[in-house]
Amino acid sequence: MKLFKKSMAIVVLAIVATLSVNCSSDSSSSSSDSGFYLKCKINGVQFVSTDPYVINSLSKSITAQSDNENIQETVSLYMPLTVATGTYTITEEPSNVDSYGAGYSNFDTDVSSQEAAGTLTITQVTADVIKGTFSFTSPDFDGNTITVTEGTFRAENIQ
């Protein structure tokens, strides 16, 4: 049941994030020149998103959908609402509002990660930007290992 709840939480967050629209109209720059991104390698294959979005709820979630229109995949990072620079352990409990978590989903192949383990390093936090690096491994529901390496991101820091 715990695994089902985690899986559903990741799927729901991915769907909500996919449907979300950046409503900020007071920004002095357009989203194309904002410099926001999330990049990594998933099992050795490059993943790039130039429009990661941030959702603040009980915790902060940075979710990115691939810029490749032929592949429906997302990478998500979870962290507490108040974030400080430092290196944190990605745990199996991303639903805990004080923990750091990560997830991967590919909706074309119906692959989703579960119980990710790795590190998330926050290198910059300002009123407007959160930046860092990450890597994690995670089994999928078929027992295969998803390996995410060379992760970097720069996203809007929503207060």
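State which residue is nearest to the chain's Cα centre (by Cα) when the search covers only segment 122-149 and only residues that are charged (D, E, K, R) and loosely packed, with under 14 Cβ neighbours inside 10 Å. Among residues in segment 122-149 that are charged (D, E, K, R) and loosely packed, with under 14 Cβ neighbours inside 10 Å, the one nearest to the chain's Cα centre (by Cα) is Asp128. Residues that are of a type in the set (Val, Ile, Thr) and free of Cβ contacts under 8 Å to residues at least 40 places away in the same chain were ranked within segment 116-128; the one that is nearest to Tyr100 (Cα to Cα) is Thr119. Checked across segment 58-69, the condition of being among the charged types (D, E, K, R) and touching a Pro at 6+ places or on another chain (Cβ under 6 Å) holds for no residue.
Only one of the numbered conditions (1) more than 19 Å from Glu156 (Cβ to Cβ); (2) in contact (Cβ under 8 Å) with a residue 60 or more places away in the chain is violated by Asp108, and that is (2). Taken over segment 131-154, the criterion of being outside any strand (DSSP E or B) and at negative phi is satisfied by Phe141, Asp142, Asn144.
Each reported figure results from applying straightforward, stated rules to the coordinates on display, with no laboratory input. No experiment lies behind these values; they were computed from the predicted model shown. Every residue, glycine as well, gets a Cβ built from its backbone with ideal geometry; the counts of neighbours run over all protein chains shown.
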